[in-house]
Amino acid sequence: MEPFIIHKGKVAGLDRANVDTDQIIPKQFLKRIERTGFGQFLFYDWRYLPDGTPNPHFELNRPENEGATILVANENFGCGSSREHAPWALADYGFRAVIAPSFADIFYNNCLKNSLLPIKLPKEDVVYLLKQAERPDYELTISLEQQVVFDDEGFTSAFDIDPYRKQLLLKGWDEIDLTFVYEPYIIAYEKARS
Amino acid sequence: MAPKTIIEKIWDEHVVYREDGKPDLLYIDLHLVHEVTSPQAFEGLRQKGRKVRRPDLTFATMDHNVPTVNRFVIEDEVARNQMTALERNCHEFGVPLADLNSPEQGIVHVIGPELGLTQPGKTIVCGDSHTSTHGAFGALAFGIGTSEVEHVLATQTLWQHRPKTMQVNVTGALAPGVSAKDVILAIIGKFGVDFGTGYVLEFTGDVIRRLSMEERMTICNMSIEAGARAGLIAPDDVTFAYLRGRKYAPKGEAFEQAVEKWKQLCTDEGAVYDRVVHIDGNEIAPTVTWGTTPAMSSPIDGTVPHPEEFATETERKAAQLALQYMGLKPGIKMTDIAIQHVFIGSCTNSRISDLREAARIVKGKKVAPGVRALVVPGSQQVKKQAEEEGIAQIFIDAGFEWRDSGCSMCLGMNPDTVPAGEHCASTSNRNFEGRQGKGARTHLVSPAMAAAAAIYGHFVDVRTLYKEAVR
Ligand code: SF4
């Protein structure tokens, strides 16, 4: 996994609640057997018109959002299907972090496994960021080490993250390798139960 | 010892390793696998030269992509690749697989219980959010992502934070014609699509106790639609009777011993939940969704709401977008919504009792002109049983299409989809935009409500039909 330490980037806003993973990556693109190449299909049904041309009204198609690496959205982001293709698509498109007032559990976990940082911020901060994101040049900095999000104009907001997950992200460690360190406990557990 | 909830009991039984500042390392008793979320996990193992630690605790099937007519002719090459990949992976790693030739094939959440793999007290995972279904047996069952699938394949464990617990108490009694589907839609309608986030739900109360195993599965299945990764129901005689004699359930003396152990799986007197919510079963009506989340629903005798009725700006905006997508005018009666498609199937409502319920309504009637109606049994076993009981014939005589088992129109990964702009009465669990096909307009309902919509071409209150049927 690629480590996540600090990231500065352009912000795109998606002012919608309950964005589900069917929207993030529609089912017709789940048939690939690789982890890569999903970015082109991100938000497909919103992003493209029926004739295949970009939908000019969709948030991410606005010129001011081009090149954004931080996505700000509303409540319950990533609900629905467990498909990890959703964070794969977001990461492949170029996002390094998603900021929202709340996330669905499975999606949140899936992001952490892919070095896509899900950040829960208070609603009022999200409202502020959605407003700022309408500007073409608005940037945020995210420090995972400090657990804080800030801009160059005085906005700053702290976020929580599980210390174990934080370590893995900072170091870019493979979780399975790490779990193998505990194999003696797994063996003992299996013995005790059989 | 301090009193515990059933959730805490199962959790504590499965902790392999615990340390402050870390999630618990949790042992997994059963890992179910399907073709869509597993290829990248097996590929990960291969790249690192890892094995599947416990193929004997792993079970695979194919369901999402399978065609439900001519199942051996898969025209979509990418879909075919995905199924071939699963066959190859199961073969290479020694994982048992119910493939298209198997009489045991079906939707993963239908066959687990059917085969007796799902048992009380187990920890069960699958790369699928509706794994919560298996909680109906008093198991702790939750959906995981593909990285977690790989982790479980390699280690048979997961690092997990202890969840918060919530009691969802459903008291009273249900009117005839009101089903488990209506109960869970009413719960989500009342408390919202994310009230369960971070919690495991335990469903309790008189209504729940009287439900069959199939109905309990319908309720637990949709826990994820309330944001909860898992929902469960403490096992009782209904559970034990269902499991007796199932292929992978313990046999003979071992079964009786297992039952004694399973009986301990209940929430102790005095145990404290982190949150308790309540709903009165007497007040639940057959429920139909009008929007694009499972919480956007109305009782059948109600109307499509006006966006202004909602409390917050976010909700008003969401309702507006949803009504626009659904092509519905605020204020119209739910019974005035015309239907062009009917789908009876999915891991929520495709079991034998669901089909029986729908067949009761359909018997001797005809599908309305202009309506295309599909029945897709949850598994090949359900299909066979329905054919033996004569239920299949009832559907066929009425003009329904009778299909092979699979996920089908629940998500339309196979060729079964709803065309843009058309309305579908569906017994599935998600009415998200585009779920059943780009631009498709899904209304979630119970099997009886879907059957009635097929006959009348619009929604009807099945409570009135039940009165007729009973007399
Ligand atoms: S039937 Fe639908 S919800 Fe259930 S596993 Fe299949 S696709 Fe998922």
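The values are calculated or read from the model by the stated rules, or taken from the named source; none is laboratory data. Quick caveat, the model's predicted, so the values are computed rather than measured. Every residue, glycine as well, gets a Cβ built from its backbone with ideal geometry; the counts of neighbours run over all protein chains shown.
Points to keep in mind about this one:
- In summary, strands (runs of 3 or more DSSP E) completely within the stretch A:77-194 and bearing 1 or more residues that are farther than 25 Å from B:Lys22 by Cβ, of a type outside the set (Asp, Glu) and free of Cβ contacts under 8 Å to residues at least 12 places away in the same chain occur at A:148-150, A:156-158.
- Flag if B:Val367 is touching a residue at least 40 places away in the same chain (Cβ under 8 Å), away from the ligand (no atom under 16 Å from the Cβ) and either among the charged types (D, E, K, R) or farther than 28 Å from B:Leu115 by Cα (or both): yes
- Index of the failed condition, A:Asn55 passing every other in (1) without any contact (Cβ under 8 Å) to a residue 24 or more places away in the chain; (2) within 12 Å of chain B (Cβ to nearest Cβ); (3) surrounded by 12 or more Cβ atoms within 10 Å (Cβ to Cβ): (2)
- Within the stretch B:215-238, the only residue that satisfies the criterion of being surrounded by fewer than 24 Cβ atoms within 10 Å (Cβ to Cβ) and either at positive phi or touching a Pro at 6+ places or on another chain (Cβ under 9 Å) (or both) is B:Ala234.
- Options B:Gly49, B:Gly44, B:Gly106, B:Gly21; residue that is within 16 Å of the ligand (Cβ to nearest atom) and either closer than 26 Å to A:Pro184 by Cα or buried (at least 22 other Cβ atoms within 10 Å of the Cβ) (or both): B:Gly106
- Residue within the stretch B:261-280 that is within 30 Å of B:Ala453 (Cα to Cα) and either within 14 Å of another protein chain (Cβ to nearest Cβ) or small (Gly, Ala, Ser) (or both) present: no
- Qualifying residue in the stretch B:347-365 (condition: within 20 Å of B:Val69 (Cβ to Cβ) and surrounded by fewer than 24 Cβ atoms within 10 Å (Cβ to Cβ)): no
- Within the stretch A:132-172, the set of residues being within 14 Å of another protein chain (Cβ to nearest Cβ) and of a type in the set (Asp, Glu) comprises A:Asp160, A:Asp162.
- For the stretch A:16-37, taking the residues that are assigned to a loop (DSSP other than H, G, I, E, B), more than 8 Å from chain B (Cβ to nearest Cβ) and modelled with pLDDT under 95, the one that is nearest to A:Leu116 (Cα to Cα) is identified as A:Thr36.
- Any hit, the stretch B:187-194, residues being touching an Asp or Glu at 6+ places or on another chain (Cβ under 9 Å), over 18 Å from B:Gly135 (Cα atoms), within 14 Å of another protein chain (Cβ to nearest Cβ) and in contact (Cβ under 8 Å) with a residue 60 or more places away in the chain: yes
- Residue count for the stretch B:438-462, restricted to those that are within 16 Å of the ligand (Cβ to nearest atom), within 14 Å of chain A (Cβ to nearest Cβ) and touching a helix residue (DSSP H, G or I) at 6+ places or on another chain (Cβ under 8 Å): 1
- Criterion applied to B:Asn81, B:Asn89 was being buried (at least 24 other Cβ atoms within 10 Å of the Cβ), more than 15 Å from the ligand (Cβ to nearest atom) and over 30 Å from B:Ile219 (Cβ atoms), and the one residue passing it is B:Asn89.
- Residue tally, condition touching a residue at least 24 places away in the same chain (Cβ under 8 Å), assigned to a loop (DSSP other than H, G, I, E, B) and farther than 18 Å from A:Glu183 by Cα, over the stretch B:10-36: 3
- Residues of the stretch B:92-102 that are of a type in the set (A, V, I, L, M), closer than 26 Å to A:Arg193 by Cβ and in a loop (DSSP other than H, G, I, E, B): B:Val95 alone.
- Test: residue in the stretch B:62-75 that is part of a helix (DSSP H, G or I) and among the charged types (D, E, K, R): no
- Options B:Val52, B:Val16, B:Val36; residue that is assigned by the TED database to the domain that holds B:Phe137 and either among the aromatic types (Phe, Trp, Tyr) or within 26 Å of B:Trp262 (Cβ to Cβ) (or both): B:Val16
- Within the set A:Asn65, A:Asn110, A:Asn76, the sole residue that is of a type in the set (S, T, N, Q), surrounded by 21 or more Cβ atoms within 10 Å (Cβ to Cβ) and out of contact with any Pro (no Cβ under 7 Å at 6 or more places or on another chain) turns out to be A:Asn76.
- Strands (runs of 3 or more DSSP E) enclosed by the stretch B:246-317 - at least 1 residues per element that are among the small types (Gly, Ala, Ser) and surrounded by 19 or more Cβ atoms within 10 Å (Cβ to Cβ): B:297-299
- Residues in the stretch B:41-99 that are of a type in the set (Asp, Glu) and modelled with pLDDT under 90: B:Glu75, B:Asp76, B:Glu77.
- Only a single item in (1) touching a strand residue (DSSP E or B) at 6+ places or on another chain (Cβ under 7 Å); (2) within 12 Å of chain A (Cβ to nearest Cβ) is not met by B:Gln82, and it is number (1).
- Breaking point among (1) within 9 Å of the ligand (Cβ to nearest atom); (2) without any contact (Cβ under 8 Å) to a residue 24 or more places away in the chain, for B:Gly434: (1)
- Matching entry among B:Gln160, B:Gln156 (being touching a His at 6+ places or on another chain (Cβ under 9 Å) and away from the ligand (no atom under 15 Å from the Cβ)): B:Gln156
- When B:Gly399 is tested against (1) more than 15 Å from the ligand (Cβ to nearest atom); (2) touching a residue at least 60 places away in the same chain (Cβ under 8 Å); (3) small (Gly, Ala, Ser), exactly one condition is not met: (2).
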